[in-house]
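Engineer: This is the structure I want to talk about, given as structure tokens.
Every number in this text was worked out from the coordinates using simple rules, so none of it is lab data. The shown structure was predicted, so the numbers you read here are calculated from the model rather than taken from an experiment. Please note: Cβ atoms are built from the backbone with ideal geometry, for glycine as well, and neighbour counts cover all protein chains shown.
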Amino acid sequence: RKSLKIGMIPADGIGREVLPGAKAAIQALGSSIPTTEFIDLQAGFECFQKTGTALPDETVEVLKNECDCALFGAVSSPSRKVFGYSSPIVALRKKMDLYANIRPVSSVAPIPNEQPTIDLVVVRENTECLYIKEETQTVGERGIETRATRLITEYASRRIGEMAFKIALTRPRKHVTIIHKSNVLSVTDGLFRETVRGVPTLPGMNGKYDGVTVAEQLVDSAVYRLFREPHIYDVMVAPNLYGDIISDAAAALVGSLGLVPSVNAGDSFVMGEPVHGSAPDIAGKDIANPLAAIRSAALMLRQFGYGNGAARIESAVDDVIREGRYLTPDLGGKSSTSEVVSQVVKRI
Ligand code: NAD
Ligand code: MN
């Protein structure tokens with residue numbers, strides 16, 4: 001590969017403030033990765049307000065036809081129904097078939113009174129569950145009635161299951177926990193649970209996952225145990241909604257949502273994205289933590305085989321956190337977004 005074209009979609013709020021940090025970190029790698037070209041692309045709620053669409057066709061076309069990979073900032077999706085608006089990140093994951101959202105959560109800095117180190121990865125199914133957004137509203141005898149469809153397929157459960165087992169193989173503990181609620185939702189979550197469990201015995205696997213141990217946990221008690229004994233988890237694989245929720249919960253355990261990165265991965269495309277949202281409460285103040293976005297850039301590069309470049313970015317981030325001198329307010333520091341970025345860049 002001679003060059004790497006990266007689509008940059010900052011979108012809204014602090015997405016615009018943290019994505020330049022990710023770009024600066026990649027640029028700091030210099031010639032140790034191929035020449036990178038960054039292509040700025042539109043999406044988000046502001047884009048919707050300006051153009052009438054939250055995800056212009058052009059953005060999807062450029063991603064599909066010109067970009068090798070992408071970085072997404074964060075989008076502001078209103079909680080009320082806005083006619084014609086639909087979340088561009090949910091749509092992008094579907095349109096690019098980015099079926100896995102891989103979210104590593106680990107603590108580097110010694111947190112006071114912290115129990116054993118947290119080092120887990122949430123593998124979230126990214127294309128179905130309640131996020132297919134099939135909601136209806138009718139008026140019945142007792143007033144308004146709403147319904148939502150929750151789609152769980154064998155196909156999607158199997159490929160997210162395979163992804164979880166593959167990731168487990170690369171980790172020291174090689175342990176997968178299946179998160180579900182099949183005591184209540186025996187059909188949908190039952191299918192998810194059984195399909196993921198069955199992955200190692202699928203035809204053609206030939207004992208590939210023999211070293212991987214499997215456990216399962218109901219989602220509510222999984223959150224409880226996550227807070228009580230987070231170190232028991234290694235790879236947590238979950239349907240879309242549970243995966244979304246447990247990864248935010250896990251982020252609290254390492255100190256901030258502003259630390260937790262992710263990649264949206266498909267078989268032919270990868271898009272890095274911090275786990276956090278557009279954080280309207282702190283947007284525009286230059287205090288958003290850029291480390292989640294920077295780590296997302298590293299994850300994206302690793303997925304492409306540039307493990308060395310990724311490791312250089314990651315250890316620069318870890319050093320900044322351990323030193324504790326240049327931290328944003330979410331981690332108890334006084335530094336600005338740009339100050340943290342320049343400290344990371346300096347260490348790369
Ligand atoms: P949020 O993640 O934006 O913020 C939650 C809390 O964490 C806030 O107090 C915020 O200040 C803090 N926080 C988040 N990221 C931070 C960072 N990098 N540095 C410092 N503090 C940080 O979640 P929310 O407030 O529930 O949602 C706000 C908006 O973001 C909503 O419109 C929601 O739809 C959207 N959202 C988008 C995505 C995405 O783009 N993938 C994900 C989640 C939420
Ligand atoms: Mn979320």
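Engineer: Just to check I understand the Karplus step: with θ = phi - 60° and J = 6.51 cos²θ - 1.76 cosθ + 1.60, what whole-Hz values come out for region 21-32, glycine and proline as x?
Structural biologist: Using θ = phi - 60°, the values come out as x, 5, 5, 4, 5, 5, 5, 5, 6, x, 7, 7 Hz.
Engineer: In debye, nearest 20, what is the charge dipole magnitude of region 1-72 about its Cα centre with +1 on Lys and Arg Cβ and -1 on Asp and Glu Cβ, if you could check? Present the calculation step by step, with values, prior to reporting the outcome.
Structural biologist: Working: 7 positive and 10 negative charges, 58 e Å.
That gives a dipole near 280 debye.
Engineer: Same structure, new question: What ranking of S268, S278 emerges when the number of other C-beta atoms within 10 Å of each C-beta is taken as an exposure proxy, fewest first? Can you show the working numbers first?
Structural biologist: Values: S268 9, S278 24.
Least to most surrounded, the residues fall as S268, S278.
Engineer: Could you compute the FRET efficiency for R158 and D57, with r as their C-beta to C-beta distance and R0 at 25 Å, rounded to 0.05?
Structural biologist: Details: r = 31 Å, r/R0 = 1.24.
Efficiency, rounded to the nearest 0.05: 0.20.
Engineer: A further question follows. Pull up all non-local amide H partners of A43: gap of 5 or more, or a different chain, and H-to-H distance under 5 Å with H placed in the peptide plane.
Structural biologist: Distant-sequence amide H within range of A43: A11.
Engineer: Given +1 on the Cβ of Lys and Arg, -1 on the Cβ of Asp and Glu, and no further charges, what dipole in debye does region 112-253 carry about its Cα centre, rounded to the nearest 20? Mind dumping the intermediate values first?
Structural biologist: On the way: 17 positive and 19 negative charges, 74 e Å.
It comes to approximately 360 debye.
Engineer: Could you tell me which of the pairs K95/K346; K5/K346; K174/K346 are separated by over 31 angstrom between their Cα atoms in the structure shown?
Structural biologist: Numbers: K95/K346 37 Å; K5/K346 24 Å; K174/K346 35 Å.
Result: K95/K346; K174/K346 exceed 31 Å.
Engineer: Okay, moving on. Give me the one-decimal nm value for the distance between modelled label points at E339 and D220, 7 Å along each residue's Cα-to-Cβ direction.
Structural biologist: 4.5
Engineer: Of Q49, Q303, Q137, which is the most mobile in a GNM of the chain whose springs link Cα atoms less than 10 angstrom apart?
Structural biologist: The residue with the greatest mean-square fluctuation here is Q137.
Engineer: Give me a comma-separated list of calculated 3J(HN,Hα) values for region 202-209, in order, Karplus coefficients 6.51, -1.76, 1.60 applied at θ = phi - 60°, integers in Hz, x for any Gly or Pro.
Structural biologist: Values per residue, Gly and Pro as x: 5, x, x, 6, 6, x, 3, 9 Hz.
Engineer: Using a cut-off of under 18 Å, list every residue of region 131-165 whose amide N is near the label point 7 Å from the Cα of K81 along the Cα-to-beta-carbon line.
Structural biologist: 131-150
Engineer: Pick out, from Y233, V75, S335, the residue whose Cα sits farthest towards the positive end of the charge dipole of the chain, with +1 on the Cβ of Lys and Arg and -1 on the Cβ of Asp and Glu.
Structural biologist: Y233
Engineer: Can you list residues whose amide H is under 5 Å from D234's amide H, if they're 5+ apart or on another chain and H is modeled 1.01 Å from N?
Structural biologist: For D234, whose amide H was placed from the backbone, the distant partners under 5 Å are T177.
Engineer: Label points 7 Å out from Cα along the Cβ direction at T117 and S3: separation in nm?
Structural biologist: 4.0
Engineer: Which three numbers, in whole Å and largest first, are the semi-axes of the equivalent ellipsoid of the chain derived from its Cα gyration tensor as √(5λ)? Before the final figure, lay out each step's value.
Structural biologist: Values: eigenvalues 177, 134, 90 Å².
In descending order, the three semi-axes are 30, 26, 21 Å.
Engineer: Using the basic label-point model (7 angstrom from Cα toward the beta carbon), what is the L241 to K50 distance in nanometres?
Structural biologist: Spacing of the two 7 Å Cα→Cβ label points: 3.4 nm.
Engineer: Which residue fluctuates most in the GNM of the chain (Cα springs below 10 Å): V184, V121, V212?
Structural biologist: The residue that fluctuates most here is V184.
Engineer: Same structure, new question: Under a point-charge model restricted to the Cβ atoms of Lys and Arg (+1) and Asp and Glu (-1), what is the dipole moment magnitude of the chain relative to its Cα centre, in debye to the nearest 20? If you can, show how the numbers build up before the last one.
Structural biologist: Working: 39 positive and 40 negative charges, 102 e Å.
So the dipole magnitude of the chain works out to roughly 500 debye.
Engineer: Which of the lysines could a cross-linker bridge to K81, judged by Cα under 19 Å and excluding same-chain residues fewer than eight apart?
Structural biologist: In chain and number order, the partners are K50, K133.
Engineer: On to the next question. I'd like the FRET efficiency for V184 and S31, computed as 1/(1 + (r/R0)^6) with the beta carbon distance as r and R0 of 51 Å, rounded to 0.05.
Structural biologist: 0.40
Engineer: Once you have the Cα-Cα distance between N65 and R173, take 0.36 nm times their residue separation minus that, and quote the gain in nm to one decimal.
Structural biologist: Working: separation 108, 0.36 × 108 = 38.88 nm, distance 3.87 nm.
Length gained between N65 and R173: 35.0 nm.
Engineer: Label region 158-231 by shape, choosing from rounded, prolate and oblate, from the square roots a ≥ b ≥ c of the eigenvalues of the Cα gyration tensor; if a/c is under 1.5 it is rounded, and otherwise prolate applies when a/b is larger than b/c, oblate when it is not. Walk me through the intermediate numbers first.
Structural biologist: Values: a/c = 2.91, a/b = 1.24, b/c = 2.35.
Since a/c reaches 1.5 but b/c is at least a/b, the shape of region 158-231 is classed as oblate.
Engineer: Which of S315, S186, S296, S247 comes first, and how do the rest follow, when ranked by fewest Cβ neighbours within 10 Å? It would help to have the intermediate numbers written out before the result.
Structural biologist: Values: S315 15, S186 12, S296 28, S247 24.
Fewest to most other Cβ atoms nearby, the residues stand as S186, S315, S247, S296.
Engineer: Report the extension gain between R147 and E194 in nm, rounded to one decimal, defined as 0.36 nm multiplied by the number of residues separating them, less their alpha carbon distance.
Structural biologist: Details: separation 47, 0.36 × 47 = 16.92 nm, distance 2.60 nm.
Computed gain between R147 and E194 is 14.3 nm.
Engineer: Under the rule a/c < 1.5 gives rounded, and otherwise a/b versus b/c splits prolate from oblate, where does region 30-172 land using the Cα gyration tensor?
Structural biologist: In terms of gyration-tensor shape, oblate.
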